[in-house]
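A quick write-up on the structure given underneath.
The values are calculated or read from the model by the stated rules, or taken from the named source; none is laboratory data. As the structure is a computational prediction, the values presented were derived from the model and not from experiment. For neighbour counting, all protein chains shown are included, and Cβ atoms are generated from backbone atoms with ideal geometry for every residue, glycine included. Accessible surface is based on the protein model in full, side chains and every heavy atom, while ligands, DNA and RNA are left aside. Shrake-Rupley method; radii C 1.70, N 1.55, O 1.52, S 1.80 Å.
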Amino acid sequence: EVQLVESGGGLVQAGGSLRLSCAASGFTFDDYGIAWFRQAPGKGREGVSCVVNSDGSTYYADSVRGRFTISSDNTKNTVFLQMNSLKPEDTAVYYCTAAVRCADAGPTIVVVTPRHFASWGRGTQVTVSS
């Protein structure tokens with residue numbers, strides 16, 4: 001079974017840092033990218049970042065560029081999202097999902113998920129206080 005498990009969220013003050021982890025299993029990790037999305041209360045899911053494991057390409061929404069860094073440990077089938085200089089507007093539940101394509105799309109990113117096994121974890125809560 002495809003599984004994506006997010007962890008690492010928490011409560012921090014503005015300007016602080018967190019590192020999120022996405023542990024993947026049940027599919028060939030190296031054949032896909034992994035994307036991070038977030039969803040604030042009353043809002044839709046927003047693409048945050050993506051890493052394509054086949055070539056190492058990374059993509060970021062403008063809102064997090066320069067503050068967040070995505071990386072992969074392919075030996076552990078795990079993707080990380082290092083979040084620095086956190087702002088209250090970063091408060092959201094953060095989710096990861098498998099991706100077959102990621103690209104820049106103006107201020108946002110576009111993520112194409114696998115047709116038949118697109119899967120979302122349960123998410124991890126990030127709360128940034130002011």
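Annotations for the structure displayed:
- As a calculated quantity, the FRET efficiency between ALA103 and LEU11 at R0 = 35 Å, using C-beta atoms, amounts to about 0.60.
- Taking other residues whose beta carbon is less than 14 angstrom from the beta carbon of ALA23, and scoring Lys, Arg as +1 and Asp, Glu as -1, yields 0.
- 13 Å reach of a label modelled at GLN3, 7 Å along Cα-to-Cβ, counting backbone N of the stretch 19-40: 23-27
- Distance between the stretch 1-24 and the stretch 51-128 - C-alpha centres, whole angstrom: 11
- For the chain: accessible area per residue (Å², 1.4 Å): 50
- For the stretch 54-130, the carbon plus sulfur part of the accessible surface works out to 46%, probe radius 1.4 Å.
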